[in-house]
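Can you keep this structure in mind? I'll have questions shortly.
The values are calculated or read from the model by the stated rules, or taken from the named source; none is laboratory data. As the structure is a computational prediction, the values presented were derived from the model and not from experiment. When we count neighbours, we look across all protein chains shown, and the Cβ atoms used for this are built from the backbone with ideal geometry, even at glycine. Please note that ligands, DNA and RNA were not included when accessible areas were found on the heavy atoms of the full protein model with its side chains. Shrake-Rupley method; radii C 1.70, N 1.55, O 1.52, S 1.80 Å.
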Amino acid sequence: MLAEGNQVAVFFIFEGNHTGIPFRGIPATGKDVRFSLRMLLRIEDGKIIEKRSHVDINDILRQLGVDS
């Protein structure tokens, strides 16, 4: 996490197993997945007033064995 002025940049890495509820209509595969999420936030008066995020859905689908 980096912050400067009223802007914050966050980078997350998620790891898990695709079980339980479907993801984008894909039934649970039991496969392991790892993906990153980047988020840019703008803060005013202690509240998030703008959020931009990016995750590579095609990378997740590839790991689940789905043609994107």
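Given an 8 Å cut-off on Cα distances and at least 6 residues of separation, report the relative contact order of the chain as a percent. Show your work: numbers first, answer last.
On the way: 112 pairs, mean separation 19.0, N = 68.
Across the chain, relative contact order equals 28 percent.
Report, to two decimal places, the Cα Rg of the chain normalised by 2.2 N^0.38 Å (N = number of residues).
That works out to 1.41 for the chain.
With a sphere of radius 15 Å drawn around the Cβ of LEU37, what net charge do the other residues whose Cβ falls strictly inside it have (Lys, Arg +1; Asp, Glu -1)? Don't jump to the answer; show the numbers that get you there.
Details: positive: ARG34, ARG38, LYS51, ARG52; negative: GLU15, ASP56, ASP59.
Taking every Cβ under 15 Å from that of LEU37, the sum is +1.
Ok, one more. Could you work out how much longer the chain between ASN58 and VAL8 gets when fully extended? Use 0.36 nm per residue separation minus the Cα distance between them, nm to one decimal.
Result: 15.4 nm gained on full extension.
Taking all protein chains as present, what is the carbon and sulfur share of the accessible area of the chain, in % to the nearest whole number, probe 1.4 Å?
Looking at the chain in its full context, I get 53 percent from C and S.
Loop by DSSP (not H, G, I, E, B), at most 16 other beta-carbon atoms within 10 Å: where is the longest site-free stretch of the chain for trypsin sites (Lys or Arg not before Pro)?
Here the longest segment lacking exposed loop sites spans 32-68.
So, for the chain, what is the accessible surface per residue at a probe of 1.4 Å, expressed in square angstrom?
I get 78 Å² per residue for this part.
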